[in-house]
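Have a look at the structure below, then the notes.
The values are calculated or read from the model by the stated rules, or taken from the named source; none is laboratory data. All of these numbers come straight from a predicted model, not from anything done at the bench. Because the Cβ atoms are built from the backbone with ideal geometry, glycine has one as well, and the counts that use them run over all protein chains shown.
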Amino acid sequence: MRSYNEPVINAGDASGNLTSIIVKTENLHLGGLHVTSTGTAAGSVTVEISNDEPTTGLNPSNWVAVSGLTVSVSGANNYIIPKFEICYNYLRVKYTASTGTGTLTAKLHLIGY
């Protein structure tokens, strides 16, 4: 069994937009996202995917936001994007700030075989 359980954004400055590290999702099939924000940060967190060829390393250039995999953030709290299926080559998380300050942490939990 393969798993990935790491923060992809770790206490990022939520007063501006944030883009996570890129995760290669080979042999990972299910995922979930836990977001923690502090302060007065407000915006949205979205899961994005890329199906660029794996030969590009960790530098895919074609990203698409996955419909339904977005959560609104408003102030200090915990948020989730519940279980979702993965059938793409790469995944990343994007935070689009709208107002406020604070930090944002996004932790991915992915499992597969």
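Here are the numbers for the structure shown:
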{"read-out": "Odd one out for VAL47 among (1) surrounded by 14 or more Cβ atoms within 10 Å (Cβ to Cβ); (2) modelled with pLDDT under 95", "value": "(2)"}
{"read-out": "Among (1) over 13 Å from the mean Cα position of the chain (by Cα); (2) at pLDDT 95 or above - the single one PRO60 does not satisfy", "value": "(2)"}
{"read-out": "Residue in the range 18-34 that is in a strand (DSSP E or B), within 21 Å of TYR4 (Cβ to Cβ) and either of a type in the set (S, T, N, Q) or free of Cβ contacts under 8 Å to residues at least 24 places away in the same chain (or both) present", "value": "yes"}
{"read-out": "Test: residue in the range 77-91 that is in contact with a Ser or Thr (Cβ under 8 Å, 6 or more places away or on another chain), part of a loop (DSSP other than H, G, I, E, B) and over 20 Å from ILE21 (Cβ atoms)", "value": "no"}
{"read-out": "Of the criteria (1) part of a loop (DSSP other than H, G, I, E, B); (2) charged (D, E, K, R); (3) in contact (Cβ under 8 Å) with a residue 40 or more places away in the chain, which one ASP52 fails", "value": "(3)"}
{"read-out": "Among the candidates THR103, THR96, residue that is surrounded by 18 or more Cβ atoms within 10 Å (Cβ to Cβ), more than 11 Å from the chain's Cα centre (by Cα) and polar (S, T, N, Q)", "value": "THR103"}
{"read-out": "Residue match in the range 58-67 (condition: under 25 Å from ARG2 (Cα atoms), in contact (Cβ under 8 Å) with a residue 60 or more places away in the chain and not hydroxyl-bearing (Ser, Thr, Tyr))", "value": "no"}
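A quick yes/no check of all residues on (1) surrounded by 15 or more Cβ atoms within 10 Å (Cβ to Cβ); (2) closer than 17 Å to GLY112 by Cα:
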| site | (1), (2) |
| --- | --- |
| ALA14 | yes, no |
| THR38 | yes, no |
| ASN77 | no, no |
| CYS87 | no, yes |
